[in-house]
Structures are given as structure tokens and as C-alpha cells.
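I have placed the structure first, in the form of C-alpha cells, so that the comments after it can refer back to it.
Read-outs throughout are calculated quantities, based only on the coordinates presented, and are distinct from any laboratory measurement. Only a predicted model underlies this, so the values are computations on that prediction, with no experimental measurement involved. Counting neighbours? That spans all protein chains shown, and the Cβs are built from the backbone with ideal geometry, glycine included.
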Amino acid sequence: MNCHLAGIAHYLPKRVVTNADLAVQNPGWDADKIFKKTGIRQRHVVSEGETAADLGVRAAERLFDQSGFDRHSIDTLIVGTQSPNYFLPGDSALIQERLGLPTTCAAFDVTLGCSGYTYGLWLARALITSGSSRNVLLVSADTYSCYCDPHDMTTITLFGDAAGATLLTGDPQGARAEIGPTILGTDGRGACNLIVRDGAARWLSRTDAPPRLYMNGPEIVSFTLNSVKAGIDRLLEATGLAWDQVDLFLMHQANRFLLENLRLKMGVDPERLTIDVEQTGNTVNASIPLLISRLIERGQLSGPKTSVLAGFGVGYSWAMSLVKWL
């Protein structure tokens, strides 16, 4: 049994923070310089009391509305997030109940950030092709804005909040795409370069400050440039494809600077590597499904096309998936 993508949808919170807003909050910052460095003009962020789980539920409801798929046929729910409501229980249980999915549904969380979507595709494909599941709902949602120091230019300028919901099934009828193999990797030596140190079990005794995200930007860039092309090389070797046989590279939308440098290293033309961060910023786990959903809405992702999806980031971790659009 093959794994097919039967539908995809996204949700962006209504609150918008522009570069000009950040410059007002941080005298000395320049809105135009932020854009020139990142390619980002604004980002959507959650309002007070709004969480990643809320965004994920709205994206999934939109998916069910658009596709007409019977939610009672979902037998596995995978939730990718690093912004859970609680340490426990996982968001997957909360989202299962709020969506009214059957109690016979398996539900679990994947706590990976920017590589979380492609890891989720790998898991869904394994479950479906093995016959363990028939219909998998993959919800990808993050609210990194909650971890960003409002005065830390390395993080607050980059990250926005969003959610994506993807329906994966063994039924090829009406499918948009077929999910192929995934190549994965992990290098825990880079864990300290993108980290929220406070708030979890190791630091429960520290209650004097909110959890804050630390990012070593130069090390993240170096990791990306060294790892992503090598990972795609492995995927293409495993699938017997050449670089010129890939129509689209759908990458984690980190920022324009990083993606442009990655494109040059890969040696591909701009039209084969889409960059879409100007209005949303880096939405972490949701960035690839957000990109795909927006391309479909614009009529820019009509098949047949062969694409490589590449997620990479926290951990360090990376995962590259082959997806053929029908």
C-alpha cells in the first residue's frame, strides 16, 4: 500500500507584528535593515491565551471542511510541536478530543521543530505502507514567539506562529500527491545552538524568568549549508534520481538569507526553490505545510511534479522526503 497526500490546510493567527512594530519596541532597530537581512516584513503571532494546539485545531477543521473527509475514519493522529500546552499530557490527546476523533485513534506527539514535518511524513508513510494505519492526520503547529525575548534581534525578527494540517491515506482516489522515501539524520552535538534551557525537568527549580529561546545564528547557518545538500544527495541516490529530475525543492522556510545561500550551494535556479517568508517569517514545524498550502491556493503547485521536501534545524535534526505531485 502506498502513502498519499489527500489534503492540506493551514491557519495563521490574526495578530500581525511588523518590522516597524519591532523597531518601535526596540529603539535603534531599523525596519528596512531587518527586511534586508531576513527577507521578512511581518509575522503572525498568537494573542494572549492562544496556543499552538488552538492553531492546530483550526487548521485541521479547515482541512476537514475543504476535503469533506470523514474525521471518524482517522485512525492515527500525529502532532508535531515544540510549543505544547503542558509538559503532560501531550497536545495530541487534547487535539484528538477537541476534533472529535474516534477513541480508537492512536495519538502521539513528535517534539521536533523545523524538521518535524518531514519526520511526520516519514512516520505516516511507515504506518500506512506497513498496514498499521489507513488514514493519518498530521498536525504541525508551533508558537516560538512565546519563547522569544522581545529585545533579542536574532530570534524575535525571525519567528512567526502558524499551523498546518495534512491528511495522509492509503487510498489513491482523489489524492494530490504520493509520499516517497525519506532520508533522516541527527547530530546532537548541535543541541546547544538552538535551545530553550528553562522550564523543563532539568530546570524546574528555576522560576525567576520565563523560558527564552537561544539561537547561535552562525552555527545554525553552518550546519544547514553543510547538512542539507548532503541529505538531498543521499535521498536522490536512494531513489535513483538526478538533481535535474527534481522540479521543486520545498524547504523549511528559515529566512531568505539562509535559503538563498542554500540555493547557491545546491546550484539550482530560483524558480525551483520557493522562498515565501516575507509575510509569515519562520514558522518552524508549520513552515513546509504552510508553504505547500499557500502554493496550492495560488495555483502554483499543480502536477505532475517531482519535489524534495527538506526540514532541518533543532537537535540538530534533518529529514528530506520525496513527494510526487499527481
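Counted residue by residue at 0.36 nm each, then reduced by the alpha carbon distance between them, the extension gain from Glu271 to Tyr214 reaches 17.2 nm.
Panel order for Asp149, Asp91, by other beta carbons found within 10 Å of each beta carbon, from fewest to most: Asp149, Asp91. Between Gly116, Gly311, Gly174, the Gaussian network model of the chain with springs among Cα atoms under 10 angstrom shows the greatest mean-square fluctuation at Gly174.
Computed about the Cα centre, the dipole magnitude for the chain is approximately 320 debye when only Lys and Arg (+1) and Asp and Glu (-1) carry charge, each at its Cβ. Look at where the Cα atoms of the stretch 253-322 and of the stretch 118-141 average out, and the two centres are 20 Å apart. Extension gain for Ile195-Gln66 works out to 42.8 nm (0.36 nm per residue, less the C-alpha to C-alpha distance).
Helical content of the chain, expressed as a calculated mean residue ellipticity at 222 nm, amounts to -9500 deg cm²/dmol (DSSP H runs of 4 or more residues, -39,500 (n - 2.57) each, divided by residue number, nearest 500).
Note on Phe108 and Leu225: the model spin-label points, each 7 Å out from Cα along the C-beta direction, lie 3.8 nm apart. Taking 7 Å steps out from each Cα toward its Cβ at Gln300 and Ala20 produces label points 2.4 nm apart.
In the chain, if every C-alpha pair distance is counted and binned at 20 Å from zero, what percent goes to each bin? Pairs per bin, as whole percents: 34, 60, 7. Taking the Cβ-Cβ separation of Leu326 and Ala238 as r and a Förster radius of 22 Å, what is the calculated FRET efficiency to the nearest 0.05? Once the sixth-power term is evaluated, E becomes 0.55. A simple spin-label model places pseudo-atoms 7 Å from Cα toward Cβ; at Leu264 and Tyr86 they are separated by 4.9 nm.
In this calculation the C-beta distance from Phe257 to Ser132 is compared with R0 = 45 Å, giving a FRET efficiency of 0.65. The convex hull drawn around the Cα atoms of the stretch 222-307, when projected onto a plane and averaged over every direction, covers 5.8 nm².
Within the same chain, lysines fewer than 8 places from Lys36 are excluded, and of the rest, those with a Cα less than 28 Å from its Cα are Lys14, Lys229, Lys265. Projecting the Cα atoms of Asn26, Gly180, Thr143 onto the charge dipole of the chain, computed from C-beta unit charges around the Cα centre, puts Gly180 farthest toward the positive end. For the options Ser302, Ser287, Ser83, a Gaussian network treatment of the chain with springs between C-alpha atoms closer than 10 Å singles out Ser302 as fluctuating the most. Note on the stretch 3-175: with charges restricted to the Cβ of Lys and Arg (+1) and Asp and Glu (-1), its dipole about the Cα centre is near 420 debye.
Bridgeable aspartates and glutamates around Lys324 (alpha carbons under 20 Å apart, same-chain partners fewer than 8 residues away excluded): Asp171, Glu178, Asp233, Glu237, Asp244, Asp247, Asp269, Glu271, Glu297. Largest GNM mean-square fluctuation among Gln173, Gln66, Gln253, using the chain with Cα springs under 10 Å: Gln173. Can you list the DSSP H helices in the chain whose Cα atoms extend at least 24 Å along the helix axis and whose mean Kyte-Doolittle hydropathy is 1.6 or higher? Taking the DSSP H segments of the chain (at least 24 Å long, mean hydropathy at least 1.6), we get none.
Considering only trypsin sites (Lys or Arg not before Pro) in DSSP loops that have at most 12 other Cβ atoms within 10 Å, the longest stretch of the chain without any of them is 15-205.
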